[in-house]
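Note sheet for the following structure.
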Amino acid sequence: MTRWWPCYVALGCNVGDCAQNFRFASNALNALPETQPWRRSRVFRTKPVSDIPQDDYLNAVAATLTRLAPDRLLVQLQRIESDTGRRRHEESRWGPRTLDLDLLVYGTQQRADDSLTLPHPRIAERNFVLLPLAELAPDLVVPGVGRVRQLARRCSSDGMQWFKGFEW
């Protein structure tokens, strides 16, 4: 029998009804085959990391258990993005998004190829990823990077505030 792998997925949105897109993404993640819902972080309002003029983002992290291979999971994440109106081929890098789902960590896997890099290559640089991830898994060791608790201590919470009133 295939093993269950803990996976962490970052959610980001700054176009359209972001709260609704987050709920849609959470429900879609829960409905994936061979995948079990686990936990969701609080949602944060954050400043964009780009110089491209755009609205603030909502960001969160979802934890799930899956038997899907990383590539199959990635395809499903991109399908969920597309279902909210995201058109990757029409976007500028770090521009506005209806929904951005990044596979941050997949068990203990480390890999870098044309289709996927695990863990996410900028995980240690992003407060909007590390702070929600630290809520869910402070003792998680990101393969080749370090323990989430220590990584989160090194980043600033500037530009981030809890998005009060959001209900998954």
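The values are calculated or read from the model by the stated rules, or taken from the named source; none is laboratory data. Note that the structure is predicted; figures quoted are calculated from it, not measured. Here the Cβ is made from the backbone with ideal geometry for all residues, glycine too, and neighbour counts use every protein chain on show. For the accessible areas, the whole protein counts, side chains as well, though only heavy atoms, and no ligand, DNA or RNA atoms are used. Shrake-Rupley method; radii C 1.70, N 1.55, O 1.52, S 1.80 Å.
Some points to look at:
- Dipole orientation for the chain: of the candidates L68, C155, P138, P138 has the Cα lying most toward the positive pole (charges on Cβ; Lys, Arg +1; Asp, Glu -1).
- Of the residues P53, P121, P138, the one that moves most in a GNM of the chain with alpha-carbon contacts below 10 Å is P53.
- For percent of Cα pairs over 27 Å apart, calculated from these coordinates, the label among [x] 22; [y] 36; [z] 19: [z]
- Here the stretch 102-168 is treated with +1 on each Lys and Arg Cβ and -1 on each Asp and Glu Cβ, and its dipole about the Cα centre works out to around 280 debye.
- Fraction of accessible area attributable to carbon and sulfur, the stretch 52-168 (%, probe 1.4 Å): 47 percent
- The chain, dipole about Cα centre (Lys/Arg Cβ +1, Asp/Glu Cβ -1), debye to the nearest 20: 480 debye
- Per residue convex hull volume, Cα atoms of the stretch 32-118, in Å³: 120 Å³
- Rounded to the nearest 10 Å², the accessible area of S156 at probe 1.4 Å: 60 Å²
- Think of a 1.4 Å ball rolled over the protein heavy atoms: the chain then has 51 Å² of accessible area per residue.
- Relative contact order computed over the chain (Cα-Cα under 8 Å; 6+ residues apart), in percent: 30 percent
- Computed on the stretch 87-168, with alpha-carbon pairs under 8 angstrom and 6+ residues apart, the relative contact order is 21 percent.
- Rounded to the nearest 20 debye, dipole of the stretch 1-100 from Cβ charges on Lys, Arg, Asp, Glu: 360 debye
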